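Peer 1: What follows is a structure written as structure tokens; I'll ask about it next.
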Amino acid sequence: ILLDLGVSSPQLDEAERGFSFRFDAMLDMRMDTSKGMTAAQWLATAEESLLAEVIHDYGEERFARQIARSLVAARETQPIETTGQLVELVSQAVRTREPGKNPATRTFQAIRIYINQELAELERVLPACVARLKTGGRLVVISFHSLEDRMVKHFVRDMVEADKLPRNVPIRASEVPQGKLRGVGKAVRAGQTELQLNPRARSAVMRVAERSDAA
């Protein structure tokens, strides 16, 4: 089973989806445009504390409070409806810039993750994948930011480790409970050749695990 997480290149390149700050378009950001609240609708109603929490937790943005304050102040006079508006407001609030990165990158990521409940979806799908794997079957996960990768790493680790037993339990080694997965190799990142062909792979991390006989 292969999980290629996050937003796809076609979605990023489709201006009207509102995923990318490269285009000045309406703030939608929904993976499924047939249901749910758009990013613009959420920005119009979310309390400042929730805005700050989402931007901090899902974007790992240290200026989350300043950004949230700026967004709330701005929407008092004009709705925040486009990617261009959001970029401008975030840029004004972020005091320190990361070299080579748009200051709105983390905020866009955070809002997208929240709108689509991406981490909750990942939390549900990982055990479902393990349940579908036959013995020897492999789960391959490609993640594109540290929050996803951390979840995958911890999930695999927990599935690999044997159930904890009290010390000095009189039990044979063959009777020790085993984990449901075994890790296959180390995490893999894109090499220079791939990055030249596909710059979007720069943040990608691939992890592989195999279902064990004990599962």
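Read the figures in this text as sums done on the coordinates, not as results from a lab. Keep in mind it's a predicted model, so treat the numbers as computed, not measured. Ideal geometry is used to build each Cβ from the backbone, glycine not excepted, and the neighbour counts take in all protein chains shown.
Peer 1: Can you spot the aspartates and glutamates whose alpha carbon is less than 19 Å from Lys35's alpha carbon? Ignore those fewer than 8 places along the same chain.
Peer 2: Partners within reach: Glu14, Glu16, Glu81, Glu118, Glu121.
Peer 1: Counting other C-beta atoms within 10 Å, which of Ser34, Ser143, Ser9 has the fewest, and how do the rest follow?
Peer 2: Placing the least packed residue first, the sequence is Ser34, Ser9, Ser143.
Peer 1: Follow-up. With a sphere of radius 10 Å drawn around the Cβ of Gly183, what net charge do the other residues whose Cβ falls strictly inside it have (Lys, Arg +1; Asp, Glu -1)?
Peer 2: Neighbourhood net charge equals +4.
Peer 1: Now for a separate question. Principal axes first, then extents: for the Cα atoms of the stretch 1-129, list largest minus smallest coordinate on each axis, whole Å, largest first.
Peer 2: Computed over the Cα atoms, the extents are 46, 31, 27 Å.
Peer 1: In addition: Restricting things to alpha carbons, tell me how big the chain is in terms of Rg and Dmax, in Å.
Peer 2: 20.8, 71
Peer 1: I would also like to ask the following. Name the long-range amide H neighbours of Thr82: under 5 Å, sequence gap of 5 or more, or other chain; modelled H, no Pro or chain starts.
Peer 2: Counting only residues 5 or more places away or on other chains, the set is Leu27.
Peer 1: Take the alpha carbon atoms of the stretch 94-132, find their center, do the same for the stretch 1-70, and report the distance between the two centers in whole angstrom.
Peer 2: Result: 9 Å between the Cα centres.
Peer 1: Can I ask one more? Could you name the aspartates and glutamates whose alpha carbon sits less than 20 Å from that of Lys180, not counting residues in the same chain fewer than 8 places away?
Peer 2: By straight Cα distance, Lys180 reaches Glu123, Asp149, Asp158, Glu161, Asp163, Glu210, Asp213.
Peer 1: Under a GNM of the chain (C-alpha, springs under 10 Å), which listed residue has the highest mean-square fluctuation: Arg157, Arg62, Arg202?
Peer 2: Arg202
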